[in-house]
Amino acid sequence: MDRQAPAQPSDPAAALRETAIDLHIRGHRSTDICRKLKRSRTWFYNTLARYRQGGREGLRSQSRAPHHVHNRTPPDIEAAVVRLRKLILSGEDPELRYANIGADSLAYELERADIAPPSRATINRILQRHDLVQPRRRKKKKRKLPDDYPWPRVKVPNDLHLFDFVTRSIRGEGRFYGCNLLDQARRWPFLRAETPKSADMVSQFLVSAWQEVGLPGSLYIDNDAVWNGGGRGQRVLSTIVRLCLLVGVEVIFIPTYTPEANPVVESFNDVWDTNFWSRTIFHDLPHVQSELTFFEHYCRHRRPLPKFDNMTADQIAPDFVPMHLPPAFDQHQHGRMPITAGRVHFIRFVSSAGTFSMLNERWQLDEEKWAGKTIRATVDTEVQQLSVYHQPKESEICQLVAQFDYPLSERVVPLADMFRRERPAFWPPVEQCSC
């Protein structure tokens, strides 16, 4: 047989078989060939049989993949996955323009179309075959919160609303603020894009949200100057705090400069940025506002949530009936609101000197006992008292650390009967600290 082109260097096994046949043709004994190449006699005779049957071409390595793939994804299913992924990224369908593009979302949309989806792993392989995989954005490493951080206990919808800003700019139009409010229990969003950033704007946003979504038990927010009273002196309750107390909503301030204390809304802000802001070139604020309705609708009715067994927000508590703020409510538009009887909570890290600060005022605790701990300082406006609590790690009891008089400079009015309702039990039972 004529010698053909030698095996390519990328096929070392075939090259070794070529060498064995060369030695055989030169008259070397099989025993010597096996010793020289460090291979078994069975390997040599198999190689010789391949040569006699197929010549030099028969020495090339064959694919180990099965000739018939029994579980191969049907072509129509693969085409549906590819078509759906491209449809989302094209932006042609308003309801899917801002949808997730991961396997969970694609599987959910296939099911909506009465197409049995393949496994998530199969969907990912299909996307890889068609070069439709996008690199994941590297997440910033977040600071771990202390073990004694007092997370509010949320059980039912509207127990707790989370609120935060997302700040962006449009070329030639200036800065605007994405106002993102979430009901933590069911991840139900209420979204707007507004400007300027002011107490009046935020007040109107919250009133609109609560007229549509319903009143929460508490509002969980950071320490932005717009709603925490800013630098206007000690014990100044802001317009936002006054509005919340007026309608029976408690306020919970997270520690300053600690966005990781509001992880649910921070995660949603990432989705807002990836799915909404990064997919469209916005011309002006009205353009943002009009498109935001499509993103909001998707997040309410089409976005599968992995932490809720891939249910959508509207499937988590379909029978929930909220208590809405009356449509005619306008007390926030008629001058300064009074301070209403209620509670405002401040979660704070105690310094090494045993102090913590809230509303431009510093408070001293026992340095030896509480330095480095996380506490919740609660202002009860009705009795004008400040109570400080600590919840040890994994404890079902909350310790009352200290109490201080907290006189306010103006009269406190009682909560109106129309806003009285059962209070969520955010915090564990309290016992007097014996330490």
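The values are calculated or read from the model by the stated rules, or taken from the named source; none is laboratory data. Computed from a predicted model, the values in this text were never measured in an experiment. Note that we place each Cβ from the backbone using ideal geometry, even for glycine, and neighbour counts take in every protein chain shown.
Counting only helices (runs of 4 or more DSSP H) wholly contained in region 166-253, the ones carrying 2 or more residues that are closer than 27 Å to residue 156 by Cβ occupy 199-212, 239-246. What number of residues in region 59-93 are modelled with pLDDT of 90 or more, more than 26 Å from the chain's Cα centre (by Cα) and among the aliphatic types (A, V, I, L, M)? Summing the residues that are modelled with pLDDT of 90 or more, more than 26 Å from the chain's Cα centre (by Cα) and among the aliphatic types (A, V, I, L, M) in region 59-93 gives 3. Screening residue 273 with (1) within 21 Å of residue 179 (Cα to Cα); (2) assigned to a loop (DSSP other than H, G, I, E, B); (3) at pLDDT 95 or above gives one miss only, at (2).
The strands (runs of 3 or more DSSP E) falling completely within region 316-435 that include 1 or more residues that are more than 23 Å from residue 220 (Cβ to Cβ) and aromatic (Phe, Trp, Tyr) map to 398-405.
Output the residues belonging to region 137-167 that are within 28 Å of residue 315 (Cα to Cα) and of a type in the set (D, E, K, R). Write out each step before concluding.
At the first step, the residues of region 137-167 found to be within 28 Å of residue 315 (Cα to Cα) are 151-166.
Once the filter is applied, which keeps residues that are within 28 Å of residue 315 (Cα to Cα) and of a type in the set (D, E, K, R), region 137-167 yields 153, 155, 159, 164.
For region 292-311, name all the residues that are in contact with a strand residue (DSSP E or B) (Cβ under 8 Å, 6 or more places away or on another chain) and without any contact (Cβ under 8 Å) to a residue 24 or more places away in the chain. It would help to see each step written out before you state the result.
The first filter runs over region 292-311 and keeps only residues in contact with a strand residue (DSSP E or B) (Cβ under 8 Å, 6 or more places away or on another chain), leaving 292, 295-296, 299-300, 304-305, 311.
Across region 292-311, the qualifying residue is only 311.
For residue 188, the test of being in contact with a Gly (Cβ under 8 Å, 6 or more places away or on another chain) and within 16 Å of residue 296 (Cα to Cα) is failed.
Return the only residue of 312, 340 being surrounded by 14 or more Cβ atoms within 10 Å (Cβ to Cβ) and more than 15 Å from the chain's Cα centre (by Cα).
Exactly one residue qualifies, and that residue is 340.
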